[in-house]
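First up is the structure itself, then whatever we jot down about it.
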Amino acid sequence: MSANRAQTNAERKRKLVNRKRRIQYRLRDRHWTDQPRPMFTASNIHYELAERTRGLGSGGVAGLHLLARQVGLIDALDRRLHLLKVHLPYHESDHVLNIAYNILAGGTCLEDLELLRNDEVYLDALGAQRIPDPTTAGDFCRRFEARDVEILMNAINDVRVNVWRQQPPEFFEQAIIEADGTLAPTTGQCKQGMDINYKGQWGYHPLLVSLANTSEPLYLVNRSGNRPSHEGAAARFDQAITLCKRAGFKSVLLRGDTDFTQTAELDRWDAAGVRFIFGIDAMSNLVAKAENLPKTAWKRLKRPARYEVKTAPRQRPANVKEQIVRSREFKNIRLQSEQVAEFVYRPTLCERTYRVVVIRKNLSVEKGEQVLFDDLRYFFYITNDRRTPACEVVFSANDRCNQENLIEQLKNGARAMQMPVDNLVSNWAYMVMASLAWTLKAWFALLLPERGRWKEKYRVEKRQVLTMEFKRFVNAFVRVPCQVARTGRRLVYRLLAWNPWQAVFLRGVDRLRRLTLTPPATHRPLRC
């Protein structure tokens with residue numbers, strides 16, 4: 001490390017420590033006396049226009065642009081995606097990143113691009129003369145055909161493989177791939193491909209295939225609103241399996257709810273060494289098998305605590321909802337206990353037998369203070385994992401519910417499923433480009449260094465950033481007020497305020513500036 005670099009790091013550390021010390025001193029515990037005035041005392045406020053000093057509220061966007069450049073995403077998009085005959089003046093990567101950066105900078109719709117394109121500091125921060133306006137961005141979405149969206153997803157996934165390869169060896173023990181459908185309603189009436197779903201809502205029905213290890217969306221597919229949840233899932237599972245094996249994962253586990261059982265594919269996946277845990281409908285023949293199991297086959301299911309209490313346990317507050325349900329004598333179903341058992345079963349479309357793990361839930365149906373009757377309900381999971389204890393199979397299947405959180409973040413965090421354009425494919429393209437904002441968040445977390453003296457602390461921080469909600473990540477890492485200055489050949493961002501994640505952000509940027517990745521290898525996309 002050069003003397004100048006060491007001096008720069010020492011100066012940065014000193015400033016971070018001082019800023020943290022000042023805010024901690026300001027927020028220290030104090031024994032207050034009754035204050036004669038409100039805390040907010042600012043008055044005689046004036047606004048002036050600065051002459052030379054320029055600031056940017058979303059200064060962290062530049063760090064994520066550095067990420068996109070260093071991992072080869074910009075080059076991959078321009079090399080693989082060909083939608084423009086001439087570049088007057090934008091390239092394909094400009095359009096794709098324009099939509100992703102708009103969301104990272106706090107935008108919630110295409111119209112918010114108009115504010116950014118009139119922000120001179122934002123343009124200078126990205127080294128851009130101008131950026132596409134909302135109309136141009138919408139026109140770019142409409143240029144896509146289904147084949148082009150596949151190319152876009154494959155280009156992103158090729159870069160994703162290179163990011164994964166920067167992870168430690170234990171990262172590649174097992175890839176957990178999940179699939180689920182979600183409803184994306186729209187109030188529009190002229191959007192081609194929209195239809196009415198089983199809830200009576202008009203809109204689309206996207207399919208998401210994701211990697212549970214990192215909550216990254218691997219494949220997003222837009223579908224008409226009336227299509228079944230599992231449609232096309234088997235082909236996307238196959239693509240995700242190929243992607244993860246190419247990255248170097250030692251094993252693959254597929255998970256999905258009852259709509260994704262895919263019994264016609266189970267023999268093929270089992271023969272290929274792919275493990276799976278799928279929910280399976282409580283059909284009459286399965287219920288009969290469960291009811292005929294001997295009593296000794298059932299074991300009590302003990303679920304682990306959701307979290308460990310690190311301090312003294314607190315008294316639980318009164319359950320207001322439960323009190324209202326009882327006082328008004330609403331019908332109430334209460335869980336009394338759970339038992340787990342297993343048996344062997346061969347689905348109709350399979351030639352092999354598989355293990356079925358069944359949960360028996362003992363419920364009591366109440367009305368007010370009176371118990372009406374007891375009820376038994378069965379939930380089934382089919383798997384080719386014959387070694388893991390039944391309770392662990394159940395817990396693994398239940399962990400799939402975390403994908404619902406990812407869907408929620410893509411919907412209402414990254415706003416990727418707003419469907420702002422006029423047809424199914426263009427909205428599909430927008431959905432993939434907008435979800436890139438979430439992907440960049442995941443990549444930034446994955447590339448945080450976790451070596452050296454403080455590696456345990458860094459590993460914890462890396463996991464915290466990876467699991468952050470989108471809004472919290474944006475507030476901590478993107479909405480960072482900066483003064484933007486050009487000195488010589490450098491574009492300098494001077495951080496104007498401190499937050500607890502600033503040291504992590506700077507450590508990540510330092511890693512990105514030193515990062516060198518081989519260009520992502522291209523591959524022929526699978527036909528769907």
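The values are calculated or read from the model by the stated rules, or taken from the named source; none is laboratory data. These numbers come from a predicted model, not from an experiment. Here Cβ is always computed from backbone atoms with ideal geometry, including for glycine, and neighbour counts include all displayed protein chains. Calculation scope for accessible area: heavy atoms of the full protein, side chains included, ligands and nucleic acids excluded. Shrake-Rupley method; radii C 1.70, N 1.55, O 1.52, S 1.80 Å.
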Any idea which of MET433, VAL394, VAL460 is furthest toward the positive side of the dipole for the stretch 393-469, if Lys and Arg beta-carbons carry +1 and Asp and Glu beta-carbons -1?
VAL460
Tell me which of GLY72, GLY107, GLY59 sits at the most positive position along the dipole axis of the stretch 56-111, charges placed on C-beta atoms (Lys, Arg +1; Asp, Glu -1).
GLY72
Charges only on Cβ, +1 for Lys and Arg, -1 for Asp and Glu: so what's the dipole of the stretch 16-63 about the Cα centre, in debye to the nearest 20?
340
The number of Lys pairs in the stretch 247-398 whose alpha carbons lie under 27 Å apart, excluding pairs fewer than 8 residues apart on one chain, is 14
Estimated FRET transfer efficiency (GLU114, ASN9; beta-carbon r; R0 35 Å; 0.05):
0.30
Quick one: angle between helix 455-466 and the longest Cα principal axis of the chain, in degrees between 0 and 90, rounded to 10, please.
80
Average accessible area per residue (Å²) across the stretch 234-365 - probe 1.4 Å, nucleic acids and ligands excluded
62
Over the chain, with every protein chain in place, what whole percent of the accessible area is carbon and sulfur at 1.4 Å, could you tell me?
49
Hey, with R₀ at 60 Å, roughly what FRET efficiency would GLN315 and ASP281 work out to, going by the Cβ-Cβ distance, to 0.05?
0.90
Helical contribution to [θ] at 222 nm, DSSP H n ≥ 4, -39,500 (n - 2.57), averaged over the chain, rounded to 500:
-11500 deg cm²/dmol
What is the dipole size for the chain, taken about its Cα centre, with +1 at each Lys and Arg Cβ and -1 at each Asp and Glu Cβ, in debye to the nearest 20?
2600
Test of the criteria: in the stretch 253-352, which trypsin sites (Lys or Arg not before Pro) are in a DSSP loop and have at most 12 other Cβ atoms within 10 angstrom of their Cβ?
LYS302, ARG306, LYS310, ARG314, ARG328, ARG352
Heavy atoms of MET283: accessible area, 1.4 Å probe, square angstrom to 10
80
Selection from LEU126, GLN167, ASN423 lying farthest towards where the dipole of the chain points positive, charges on Cβ:
GLN167
Evaluated at 4 °C and 1.567 mPa s, the Stokes-Einstein D of the stretch 446-505 based on the Kirkwood radius over Cα pairs, in µm²/s, stands at 98
Please go through the stretch 168-252 and write out the chymotrypsin sites (Phe, Trp or Tyr not before Pro) that DSSP classes as loop and that have at most 14 other C-beta atoms within 10 Å.
TYR198
Ordering ASP78, ASP148 by accessible area with a probe of 1.4 Å, largest first, what comes out?
ASP78, ASP148
Could you tell me how many degrees, from 0 to 90 and to the nearest 10, lie between the Cα long axis of helix 3-26 and the main elongation axis, the longest principal axis, of the Cα atoms of the chain?
70
Which whole-number value in Å² is the accessible area per residue of the stretch 383-528, probe 1.4 Å?
51
Only Lys, Arg (+1) and Asp, Glu (-1) charged, at Cβ; the stretch 409-528 dipole about Cα centre in debye:
520
May I ask you to give the solvent-accessible area per residue for the stretch 58-103, in square angstrom, as obtained with a 1.4 angstrom probe?
36
How far is helix 92-104 tilted off the main Cα axis of the chain, in degrees rounded to 10, range 0 to 90?
80
